[in-house]
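Below: one structure, written as structure tokens.
Any read-out appearing in this document is the output of simple, stated calculations on the displayed coordinates, not a laboratory observation. Keep in mind that this is a model prediction, so the values were computed, not measured. For neighbour counting, all protein chains shown are included, and Cβ atoms are generated from backbone atoms with ideal geometry for every residue, glycine included.
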């Protein structure tokens with residue numbers, strides 16, 4: 001199913017009484033033109049494409065909103081972890097001033113700043129940004145899943161709607177067979193068994209139609225749940241499905257390796273773990289501490305003292321030495337384990353995605369074959385057979401039971417044809433999901 005397909009609404013728009021009264025004053029030609037214009041405007045206002053429904057579902061889904069907030073929260077982490085530690089400021093007051101040559105020392109202000117080893121802050125920022133990108137890929141994966149669910153649900157709704165239409169057409173044919181058998185029974189050209197068989201088939205089909213309608217209601221409820229709206233909202237469906245075309249396996253596989261959100265999420269996590277390993281290695285090196293002390297000095301009581309009462313300024317430098325290396329060595333080994341774990345996950349995910357792609361391509365080919373079989377061969381043959389038997393039945397040379405059996409077979413093939421068409425589009429939709437076709441950055 002593609003966005004360019006024309007759509008129809010299950011409930012067609014109608015004019016109200018006020019519109020009809022105002023239109024009657026302008027004559028029939030103008031009335032017909034205005035009716036057509038109003039209907040077309042109403043139709044266009046209500047019709048929605050698959051992309052519209054997908055976007056609406058994405059915008060209304062609370063779980064998806066939560067994942068996007070998680071991504072935004074992760075973005076705020078980089079300025080936090082990439083900043084220097086807060087400077088330390090302290091004030092000391094000497095309760096008993098310390099006497100010096102130039103005067104008593106009365107108080108002191110100290111300011112110091114701890115500086116991590118060169119490149120540590122850069123590694124922290126990089127790792128944080130990569131974690132945020134991994135969160136974004138998780139958001140994209142959830143979004144693509146919603147897009148897939150919406151498209152597949154609409155395809156199932158289309159299949160059921162078309163199945164109801166086909167079944168009702170066959171119901172009309174069975175009704176005519178009931179009337180024909182009754183007419184022949186009244187003229188002693190058929191037995192009552194023929195009438196009963198036709199009525200049995202008609203009742204069976206009626207029950208089947210009711211089940212299809214119940215299934216349609218369930219799918220409509222599921223669709224409204226995906227859209228996060230009330231159950232009274234109208235859902236538009238396509239008039240028809242065109243043949244779906246997909247690329248070659250090699251092209252699709254290349255797109256999967258490049259665009260699949262699950263793979264990209266694991267790759268970002270691996271790159272983040274690499275930065276964390278580099279950061280852990282830098283933590284085995286000393287941190288540098290720089291500071292300034294400013295000492296307040298009072299006037300001395302001694303006469304003729306040079307620089308009496310002059311405040312003192314002292315520059316300080318220090319190191320924070322990691323003496324216990326085992327702790328950081330364990331952290332480096334832990335980072336190595338995380339990297340290997342993610343590499344294995346990437347390899348496993350690539351294999352599973354390739355298998356899922358092959359299964360989808362198989363399903364697509366199978367759906368194409370089934371559609372061609374029912375559309376071009378079986379239905380045509382069985383329709384021809386029914387016409388021949390109906391002509392023969394008019395001259396009492398054919399069994400009525402065989403006509404009913406062939407009519408049942410015709411309905412079965414017609415339903416299988418529409419199922420094959422929707423299966424074709426479901427497989428294509430799943431391929432689009434695997435390759436990340438609806439990624440935001442595409």
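Table for the structure above
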item	result
Three-way shape call for the stretch 134-181 based on the alpha-carbon gyration tensor, with the a/c threshold at 1.5	prolate
Separation of alpha-carbon centers, the stretch 412-442 and the stretch 262-297, rounded to whole Å	48 Å
Relative contact order [Cα under 8 Å, 6+ residues apart], the chain, whole percent	24 percent
Net lengthening on full extension, residue 362/residue 51 (0.36 nm per residue, minus Cα-Cα)	109.4 nm
Residues of the stretch 98-120 with amide N under 18 Å of the 7 Å Cα→Cβ point at residue 312	98-112
Computed Rg/Rh of the chain, alpha carbon atoms with Kirkwood Rh	1.31
Shape category assigned to the stretch 118-220 from the gyration tensor of Cα positions, a/c cut at 1.5	prolate
Computed FRET value (nearest 0.05) for residue 258 with residue 76, which takes r as the C-beta separation and R₀ as 30 Å	0.55
Whole-angstrom gap from the stretch 174-204 to the stretch 337-373, using each part's C-alpha centre	53 Å
Residue-span extension gain [residue 204 to residue 354] - 0.36 nm each, minus C-alpha spacing	49.6 nm
For the stretch 46-202: relative contact order, % (alpha-carbon pairs under 8 angstrom, 6 or more apart)	26 percent
Estimated FRET transfer efficiency when R0 is 22 angstrom, pair residue 122-residue 289 (beta carbons, to 0.05)	0.65
Linear extension gain, residue 321 paired with residue 345, 0.36 nm per residue minus alpha-carbon span	4.9 nm
Length-normalised contact order of the stretch 167-206 in % [C-alpha pairs under 8 Å, at least 6 apart]	50 percent
Label zone at residue 372, where the point sits 7 Å out along the Cα-to-Cβ direction: the stretch 236-252 residues whose backbone N lies under 16 Å	243-246
The chain: angle of helix 50-60 to the longest principal axis, Cα-based, in degrees nearest 10	40 degrees
Where a label projected 7 Å from the Cα of residue 83 along Cα→Cβ would reach, residues of the stretch 122-143 with amide N under 15 Å	125
Simple spin-label estimate for residue 59 and residue 192 in nanometres, 7 Å along Cα-Cβ	6.5 nm
Listed peptides 252-263, 166-177 by packing density, highest first (mean Cβ within 10 Å)	252-263, 166-177
